[in-house]
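One structure is given here, and the rest of the page talks about it.
The values are calculated or read from the model by the stated rules, or taken from the named source; none is laboratory data. All of these numbers come straight from a predicted model, not from anything done at the bench. Here the Cβ is made from the backbone with ideal geometry for all residues, glycine too, and neighbour counts use every protein chain on show. Side chains included, ligands, DNA and RNA excluded: accessible areas come from the protein's heavy atoms. Shrake-Rupley method; radii C 1.70, N 1.55, O 1.52, S 1.80 Å.
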Amino acid sequence: MLIRVLGCSAGGGFPQWNCNCRNCSSVRSGKSNFKTLTQSSLAVSGDGKDWVLLNASPDLRQQINVAPALAPNNGSARSSPIKAAVLTNGDVDHIGGLINLREVQPFTIYATRRVLDVIESNCVFDILAANVVPRTPLELGRPLQLTGAGVDLGLTAEAFDVPGKIALYLEDPSAGMRFGTQVGDTIGLKISDPATGEAFFYIPGCAEVDEVLAQRLKGASLVFFDGTLYTDDEMICQGLLDKTGSRMGHISISGSLGSISALRNLGVERKIYVHINNSNPVLDESSQERKAVEAAGWEIGYDGMEVRL
Ligand code: MLT
Ligand code: MN
Ligand code: ZN
């Protein structure tokens, strides 16, 4: 399996268009210890020829243009090696890029019924006509063989529920502490290649590592995980937004309940943070926080990062 990190930033990207935080102003002014990031998405291929997107970010057009493997790859007037897109939630940073895939090009969209309902209830997405771009529901806990445009992609995707939240724009303030969140609103994915037996996990949004998730990740060879914030209140402390990470459905990297701590003793071979918010101090390559994360055995993902399994 070949995995490419198309975009490693959380929603908004790095720098974010309206943000003047220390990180955003530093990367904008070209400081050498900062690198720009596009928004949250991976691509995976079993054979290096046909590809599956894991989330479709609003930066997808740019992400395709810098990835030679994603360019039209056969002699016909119109073609694409992108045969499917699997979505982990309905957040704008994960579905907005579907719009970039219009132009009557066949591929399959995979998502839970909850997320497919979001797409199907918004007529903008009808630009991807369902007879050209079929939607296939993912059932939790049931691995599905991925296909698209008549091609068997040689990979399976297993969706599983993770602690999280309904998309921001769907929050129902009258629905109590969970804002109307239901099972299937935020999932993690286990992508497997039955031919080689290799598998990895992709969990870009997760509010908490509970016992069920910890057991699932035990002994995994590779996990891409939610690296949104370093500390729960960093956006408040930096004067950016009046919300904690937990209110946004994101676990922090640091702290006794954070992801470093939660995954420390699970025997995961390789751990890579993705979906990193522009406020996160780990984006400064010379920061103490960056050193602490790396010393704890984690990698900070970056746009264009490639991993072979
Ligand atoms: C998130 O990851 O919390 C969302 O992408 C936030 C948003 O929609 O801006
Ligand atoms: Mn996001
Ligand atoms: Zn910023």
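The strands (runs of 3 or more DSSP E) found wholly in the range 68-144 and carrying at least 1 residues that are touching a residue at least 60 places away in the same chain (Cβ under 8 Å), within 26 Å of LYS165 (Cα to Cα) and within 16 Å of ligand 2 (Cβ to nearest atom) occupy 82-86.
I'd like the full set of residues that are of a type outside the set (Lys, Arg) and either assigned to a strand (DSSP E or B) or modelled with pLDDT under 95 (or both), limited to the range 263-309. Within the range 263-309, ILE272, TYR273, VAL274, ILE276, TRP298, GLU299, ILE300, GLU306, VAL307 meet the criteria. On inspection, VAL92 passes the criterion of being open to solvent by 30 Å² or more (accessible area, probe 1.4 Å), within 16 Å of ligand 1 (Cβ to nearest atom) and within 22 Å of HIS250 (Cα to Cα). One residue stands out in the range 206-226 among those that are under 20 Å from VAL307 (Cβ atoms) and within 16 Å of ligand 1 (Cβ to nearest atom): the one that is farthest from the chain's Cα centre (by Cα), namely CYS206.
Among the conditions (1) at positive phi; (2) within 16 Å of the chain's Cα centre (by Cα), the only one that GLY255 does not satisfy is (2). Please work out if ILE300 is surrounded by 15 or more Cβ atoms within 10 Å (Cβ to Cβ), within 27 Å of LYS49 (Cβ to Cβ) and touching a strand residue (DSSP E or B) at 6+ places or on another chain (Cβ under 6 Å). Spelling it out, it is not the case that ILE300 is surrounded by 15 or more Cβ atoms within 10 Å (Cβ to Cβ), within 27 Å of LYS49 (Cβ to Cβ) and touching a strand residue (DSSP E or B) at 6+ places or on another chain (Cβ under 6 Å). Taking every residue in the range 1-23 that is touching a residue at least 12 places away in the same chain (Cβ under 8 Å) and under 7 Å from SER40 (Cα atoms) and pairing it with any residue that is away from ligand 2 (no atom under 15 Å from the Cβ) and open to solvent by 10 Å² or more (accessible area, probe 1.4 Å), at least 6 positions away or on another chain, the pairs with Cβ-Cβ distances below 7 Å are GLY7/ASP303; CYS8/TYR302; CYS8/ASP303. Could you check the range 102-124 and list, in sequence order, the residues that are closer than 19 Å to ALA149 by Cβ, of a type outside the set (Val, Ile, Thr) and over 18 Å from the mean Cα position of the chain (by Cα)? ARG102, GLU103, GLN105, PRO106, PHE107, listed by residue number. Selection over the range 1-47 of residues that are within 15 Å of ligand 1 (Cβ to nearest atom), among the hydrophobic types (A, V, I, L, M, F, W, C), open to solvent by 10 Å² or more (accessible area, probe 1.4 Å) and closer than 24 Å to ILE64 by Cα gives a count of 2.
Mind listing just one residue for me: the one in the range 243-262 that is in a loop (DSSP other than H, G, I, E, B) and of a type in the set (Gly, Ala, Ser) and, of those, nearest to ligand 1 (Cβ to nearest atom)?
Here the answer is GLY249.
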